[in-house]
Structure formats: structure tokens, C-alpha cells
Amino acid sequence: MPVDELMKEAELHEVRDRIRLFELDRREFLRLCGGGLLVCMSAVAGAQESGRNFGGHALPQEVSAWIHIDADGKVTVFTGKVEIGQNIRTSLAQSVAEELRAPFASIAMTMGDTDLVPWDMGTFGSRTTPTMGPQLRTMAMTARQMLVEAAAQRWKADPASLIAEDGRVTNPATSESLGYGEITRGEKLVAKVSGDPTLTPATEWKIAGTAMPKVNGREFVTGKHTYPSDVVRPGMVFGKVLRAAGYNATLISVDTSGAEKMPGVQVVRDGDFVGVVADDVWTAEQALGKIDAKWNVPAQISNAELFAALKKGAGDDGQTEIGAALASAEVKLEKTYTVAYIAHAPLEPRAAVAEWTDGKLTVWTGTQRPFGVKDELARAFRLGAGQVRVMMPDMGSGYGGKHTGECAVEAARLAKAAGKPVKLVWTREEEFTWAYFRPAGVMEIRSGVQRDGTLVAWEHHNYNSGPSAIGTPYKVATKVERYHEWREAPLAQGSYRGLAATANHFARETHMDELAHELGMDPLEFRLKNLDDARLRAVFEAAAERFGWGKEKSTAQRGFGVAGGTEKGGYTAACAEVEIDAGKKVRIRRVVQAWESGAVVNPDGLRNQIMGAMVQAIGGALFEQVQFAHGKVTNPHFAEYRVPRFRDTPEIEVVLIDRTDLPSAGAGETGIVALAPAVGNAIFAATGVRLRDMPMAVGAGNREQAVAGSE
Amino acid sequence: MADLKLHVNGAEMQTQAAEDEPLLWVLRNRLGLTGTKYGCGEGQCGACTVLLDGKATRSCLTPASAAVDAKITTIEGLEQQGRLTAVQQAFLEEGAMQCGYCTSGMVMAATALLREHAHPSEEQVMEAMNGNMCRCGTYPRIAAAIRRAAWGTVEKKGAAYARG
Ligand code: FES
Ligand code: FES
């Protein structure tokens, strides 16, 4: 993804100001690293965006900012990327172990601690594997070269004759051998490296490329892992924040006397911000309930009026821009598709523990952008960069939903008033209401195709949901693809796993299916006829082969559908089988999805990600939908906002294509895009009913079973 | 605030809690047992699942005062002298987690299920587990872990199981 597109996505996170310059304080860094030696040297530039001046942040080019080897040979790796279930704590450590030629077990990752790690824009956009991976590999490779050279000096040997392996440098001629820790002890190594990094090709990987189990898996099955909401500080108290009666509301009056009378309760008031602090969360909840507030909530649209307002607001005039090309086509089709607002609903809601010590603020919080949250805190409390530290313990996920720092700011505000560390954990209802959402969108597609199946004209407009993956991968002579912003969106909109790629793929791959049926062609054959991209063809073919595409015909009870696409360096295609019962209930029976994103760093972690994305996709495809009216979400509970559960999960098969000849791309997002259109196409194949709105099931948003509706 | 005596993971534990305070808050905030998670507070997600006398129970909906006579087992109480239970071991071997936030509740629900049905049918697995949510979508691996714990080569006898 180009840098400006990344910045565009960063802007989507409701971050209002530009990020401030952050300079790594070297002395502080050294102190925090403790004993042992730093391997200091310049490194080659350009392995990632870091080489550039990114939003005012020139990232450190010294190996020491990224990798530290202590006297025992223990390796600490520093990165601003964070672990949220996508398994990069493991996969990045594999990459470092590989290039450093060190045992996997000797690598520990320090992630997302703004005092310790180099500045990072955030963990989103599937950027960790393609950018942080090579960055850390370059640093590790450089460190390894230094270690070899230092050993060569000590032994008066030719560096080229030495072998770095398993955390040791060995001289095969003399059998002399030194551990990495023994080499760095007592010496400070400074050197410059020039030229392009020659990283170990994936074909020769021994540690990377293997199914290494999750590094700290045991912590999770024993309940020992400390999530942000589990952090405890000495003297810590619990906070709650009063929420407005609706979006854009203003506070008319508030009576806090009832709460103030409760023993041990402190009420905090700062403009429209009202909160309480108590020794335990139960008392804080009771106290909050005793606050009587009157709000003025302005009139706002409800989800019933959403799409009409959206089309109008985003300037959908229904006019075509490819009239001539369409006129020459033998078959024409014009259809509209929609996607609803949906919630991330990470199982761990937003949580923060804030602590003020001597004017310095430390916050432990769950976020995908620790440095972004740090900036928000610095702004909110007018602090210098050196006065705020954000730490991000591996959290209960985010899916693009935890880029902002509102919970951290609230906890810090309460802690400032309380004079004690404060823990604030949002309730599920707060998370459903006061987080941001995946934007709703309308997609208009007009197309023209010849009777022989050749696509000749294509026009795809996306209103509000976003531009990602709006470009068709299919060959077409005349095309227009355009994203239209809507500035008056009624809900806070932000990033999401796959973001607009889900909406644009749903529209495009459904439309392609419609065209195939108009032509009487097999949907897979029609796609392949119009597709040159070899990588995309390969995933379509792999999924179809494993699925047994075309072996059976769809019936009224069983339908088969296919869909695929590419985004952010990932290529995917899915074949789905659905079952329709007499009551028109839909059940997804089986999905085979093929995936290719270059060289595979950890096949087990990758399968887990793709499978997880497929399961999550079921929700958006069939039943997830944020409902709202009068500035309020009306289904802010899991009882009303239905997410995929065990019973919704089909038989899933992931077919991985490992392209060791290609650089590794990220895989956290694009695995989500193919399922919805594949399922919709399968429903059509069985029922003849074409569903163009996500979620596709009638009764969406409540606990009703998914039912294929009629047009 | 009233004195509260609970029997947790084989030990008597004393604390003070408000009347009606959910067991989840008492475990997490008063007894330091943060392995049991909050996901919804409404009985919808299963992240807070603990065992009361061996039965899977939503600690967010159970007042602590209602648990005084029960033997409570939390995720922290499964491991014995460094030995994981068959269920914990199976979750590790199947890689049945992503962010892991649902894992405590999943392991507890699966533990209760396998105590009741040593070799559960597919329907029994669904029945027991459907109330436990994994937003990361790890269900197929969790189901596989349960099968492995029930039928696999993993040792699953004696002290390795949680005591009720
Ligand atoms: S926290 Fe108890 S069921 Fe969700
Ligand atoms: S692993 Fe993240 S919620 Fe289950």
C-alpha cells in the first residue's frame, strides 16, 4: 500500500491532528535496557517506510534501537507493532531468529511500549509482515554480521570462514566457538553497513516458514496472561464515566449529589465530562447510576433512513460515465449493493489503567496505535512527549477497532483527579455505542459484457464505505472506479479488518456472478475468462479444485458459490456450499478458501488468521448490523447484535499456497473479503433469490436464524 | 460491604464485598484472579465462565454471595504442580486461540462438558459451547481441541483434572 494511502487510512481513525514528532531518548533507552551490551551500528535504509521521513518521524537506523543482545545471549527485539491475536509476537521472532541465526527461544519481543520501542504509526493495514518483517530481518542480519566480524577479530580469522549458527559463532578450522552473549560482553560494536541487505531467501528458511507454536500459549490456557483490563497498580481505584443520552448531545444539567453521598465515592466533573471513582468497580457502577443528568440530543437520522441519506449526501446522481462503452455491449447490467454499519466488538472492550507520578503519565491500554494514543494523551493534558508513556500488553483483539485513545484519556482524567491510579474498562454497551464503526456504504455497479463472456465496460462507485479494493482485477477495456465521501455520516466511522475491501468485493463478486448467470456461463469459467492475474487465477483454481467445483449441480436445497479477489498483497478465493431448509433458513455447510500472500512465515499462524477471518466474515455476511435511532445504538448488546458462534461455523478448509519466491505480505485482513459474496452467490444458485445487501439474512441484528429473503 | 468467605481453587479465601456484587468482580478485583474475563456482563459471551461444584457458570450473573457454599474453580485452579489438564494441553496442541481472551471461558466450559460427557457427541459439544463467543473465530480449532482432549492421546486422568 502506498504511503499516502496508509496516511489516508490513518486519518480514518478519527485522529484529528497530525502526529507530533517523537525523539527516542537514548539515555533513557540504555537505562531501560539494563545490563548487557548494545550492538550499535548504522544499518541500510529503505527496508520499510522507516527510511523515509514519515509524518515527521525519521525512524532510528541503528540496530540497537531494534535489537539488544545481553551477556547471556538473550535477544530482545523492540517494535512498535502490537500483538492482538494475529500472532506477530511469534512470527516476527521467527524472522529475527532466522536472520540472526539464534535459537527461537532466545528471542523476546518488546512490543508497543512507547518508552522502549521506535516510533510506529500503528498496527493496521496489514503492514507488519511486509514492512516490520524486513525491517527486523535487516537489523538481525546486520547484527549477525557484526558478531561474526567481532569473533573473527578475536581469533584473527577470516570472517568468511566462520559460521554463525544457533546463537554461536564457530570456527570450523579450530573448533573455537563463542556464544553471541560472550562476544558482545565487554565490547561495544559500532560499524557501518552499506549496500542492499542480502536477506536469507525463503527457500532456505529453517525457523521462519515453520509452524512454530504461539510463543506464550501456556499463559493463555492458564489464565496468567495480563491483558490491558487485567493490569493492577498499587493503590489502584476504579472509574466509570457518565455517557450522553445520544450522539452530539449537550449536557443541560447534572445532579451528582446522590453519588457524592456514597462513602468512598469521588465525583469528577470537567465541563461535559462527568465521572466517578471508587475503591471497587461495583461501587463505582452504583454511584454512576445515582447521577441524574439531562441531555439535549439533536434530531438525527435512524438506520431506516440511512441509505437514502447516504446516497444523497455522497452525491449519487445515478448518471453513468461510461455510456458509450455500455451502449456497445451486448448485455448490460446495473445493480446497487449495500453494506450496513457493523461493530468490531472485540471480546475485550476498551480498557486503560492510568497512573500519574511526578507529573509523568503512564497508561496501560489496549490499542493498535500506542504512539497515536500517546499523542492524544499529550494533547489532552498538555504534556511533552517525554511525560507520557503508553504500554500495550497483548490485548483481547481489535480488528481495526482500537486505534483511538478515548478510554486512555478518560482513565487519565479520572486518575488525575483521584490522585491514584485508575482502571477504566468500558462495558459492552459502551463499546457498542461509543467506539467507532465500519462505515456503511452503497456500491453502484454498471457493466457491459459480450455474449461470448468478454467484459467490455465497468463502472463501480463506492459511496462512503471506502476506496480499498475498488479496482477490479478483471480485464476490461473501459472502466471507471470511484469512491465518494460522505461528510455527514451519522455514526463515527473508522478502520476495520478489511475495511472497504469487504464492501467492494461483495459488490463486484456478486455482480460478476450476476453477469455469469445472465450469460448462462459457469461463474468460475466467466471469471477466469476475464482474468490475467496469475496469482489470482491460482487461488481460484486451488479453491475450486479442493472444493470439487462443478462436480455437483446446485439444487433448491443446496447451492454452490464462488468469489475471490486481491488486496494488500493477499490473494484469495472461496467456494461455499449452503443448505436451505423448508423454512428458507440458510446454513453455510462448507467453505474452502485458498490463500496466497507470498512466502509463508508461519503456516500454522497463517491458517489460524485466515480461518478466523472467514468465521468473522459470516457475521457481516449474514447478520451483523448496528441499528440506531435518535443518536443512539438500539442493539448495543450481544443478545441483539448477533455475532458468529459455534453453531454458525461451517466446515472450513484453508488451502495455502506458499510462494517462497515472493516477499511475504500481511494476512490479517484480506481473508475476510471472499466469504460474503461466495455465500450470497451460493444462495442464489439454490434459490434464485439475489441478495445485494449485507447482512443478507432477514432478521439481521437480532437472534433470528438467517433466512434468505425475497427481493 | 460484608465479609465474604469463598472456597476457590481448593483454598478458603476471605474478602469483603458489597451485597449483590457479581462473583466476576470479586474474583478479578478482590481476589486477584484476573484469568476470568469480562466480555459482556450479560451472560452472552461466556468469557467469565467458572465452575461451581463442577458446573459451568457465568460469574458475571452470579452474585458472589450465592457462591459461598460452592467449590469454585477458576482457570488458575486447573494446573496442578505445573501439570496442565488434558483440556489445557489440547488447546495448546491445536493452537486453539488467537488473542486468547475467550480462552479461559472456553477451557472452563470444555472442562465442565468433558466431566459430564467424557466422549461428547457433536451436538453435546455445540450445546455446551455455543454460549461461549470467540470473536477471533477460532471455533473450529476449539472444537478440535475438545475432541483431542476427549479422544486424543493426551493423558487425562487423575489430578490433572480440576477439583470441584
Ligand atoms: S461476561 Fe459473563 S457471559 Fe459475558
Ligand atoms: S481468541 Fe480472540 S476471542 Fe477467542
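Here are the numbers for this structure:
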read-out: When residues of region A:397-421 are limited to those that are open to solvent by less than 10 Å² (accessible area, probe 1.4 Å) and either assigned to a loop (DSSP other than H, G, I, E, B) or at positive phi (or both), the one farthest from the other protein chains (Cβ to nearest Cβ); value: A:Gly405
read-out: Selected residue (criterion: most open to solvent (accessible area, probe 1.4 Å)) from residues of region A:176-201 that are modelled with pLDDT of 85 or more and over 22 Å from A:Ser106 (Cβ atoms); value: A:Thr198
read-out: Members of region B:27-46 found to be open to solvent by less than 10 Å² (accessible area, probe 1.4 Å) and within 15 Å of ligand 2 (Cβ to nearest atom), listed by number; value: B:Gly35, B:Thr36, B:Lys37, B:Gly39, B:Cys40, B:Cys45, B:Gly46
read-out: Residues satisfying the stated conditions in region A:536-588, i.e. among the aromatic types (Phe, Trp, Tyr) and closer than 18 Å to A:Tyr474 by Cβ; value: A:Phe540, A:Tyr571
read-out: So B:Glu79, is it under 24 Å from A:Pro213 (Cβ atoms) and within 12 Å of chain A (Cβ to nearest Cβ); value: yes
read-out: Any hit, region A:453-465, residues being over 24 Å from A:Gln86 (Cα atoms), more than 14 Å from chain B (Cβ to nearest Cβ) and open to solvent by 10 Å² or more (accessible area, probe 1.4 Å); value: yes
read-out: Region B:61-76 - residue that is β-branched (Val, Ile, Thr) and in contact with a helix residue (DSSP H, G or I) (Cβ under 7 Å, 6 or more places away or on another chain) and, of those, farthest from the other protein chains (Cβ to nearest Cβ); value: B:Thr62
read-out: Unique match (being of a type outside the set (A, V, I, L, M) and on the phi > 0 side of the Ramachandran plot) among A:Ser161, A:Ser229, A:Ser253, A:Ser175; value: A:Ser175
read-out: Residue in region B:90-111 that is at the interface with another protein chain (Cβ under 8 Å from one of its Cβ atoms) and closer than 12 Å to B:Ala143 by Cβ present; value: yes
read-out: Single match in A:Ala629, A:Ala665 (criterion: open to solvent by 10 Å² or more (accessible area, probe 1.4 Å), in contact (Cβ under 8 Å) with a residue 24 or more places away in the chain, away from every other protein chain (no Cβ under 14 Å) and under 21 Å from B:Cys99 (Cα atoms)); value: A:Ala665
read-out: Residue count, region A:422-431 (criterion: assigned to a helix (DSSP H, G or I) and more than 21 Å from A:Gly85 (Cα to Cα)); value: 2
read-out: Output for region A:124-145, where each listed residue is out of contact with any strand residue (DSSP E or B) (no Cβ under 9 Å at 6 or more places or on another chain) and either without any contact (Cβ under 8 Å) to a residue 60 or more places away in the chain or open to solvent by 10 Å² or more (accessible area, probe 1.4 Å) (or both); value: A:Phe124, A:Arg127, A:Thr129, A:Pro130, A:Pro134, A:Arg137, A:Met141
read-out: Test: residue in region A:436-449 that is over 22 Å from A:Ala304 (Cβ atoms) and not in a strand (DSSP E or B); value: no
read-out: Number of the exception - A:Asp158 against (1) under 24 Å from A:Asp70 (Cα atoms); (2) touching a helix residue (DSSP H, G or I) at 6+ places or on another chain (Cβ under 9 Å); (3) free of Cβ contacts under 8 Å to residues at least 24 places away in the same chain; value: (1)
read-out: Residue list for region A:317-347, restricted to those being out of contact with any helix residue (DSSP H, G or I) (no Cβ under 8 Å at 6 or more places or on another chain), more than 30 Å from A:Val425 (Cα to Cα) and either among the hydrophobic types (A, V, I, L, M, F, W, C) or surrounded by 16 or more Cβ atoms within 10 Å (Cβ to Cβ) (or both); value: A:Ile322, A:Ala324, A:Ala325, A:Leu326, A:Ala327, A:Ala329, A:Thr336
read-out: Enumerated strands (runs of 3 or more DSSP E) restricted to region B:5-114, each holding at least 1 residues that are within 16 Å of ligand 1 (Cβ to nearest atom); value: B:49-52, B:55-58, B:71-73
read-out: Scope region A:424-435; condition touching a helix residue (DSSP H, G or I) at 6+ places or on another chain (Cβ under 8 Å) and open to solvent by 10 Å² or more (accessible area, probe 1.4 Å); matching residues; value: A:Val425, A:Trp434
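The values are calculated or read from the model by the stated rules, or taken from the named source; none is laboratory data. Being a predicted model, the structure only gives us computed values, none of them experimental. For neighbour counting, all protein chains shown are included, and Cβ atoms are generated from backbone atoms with ideal geometry for every residue, glycine included. SASA here: full protein model, heavy atoms, side chains in, ligands and nucleic acids out. Shrake-Rupley method; radii C 1.70, N 1.55, O 1.52, S 1.80 Å.
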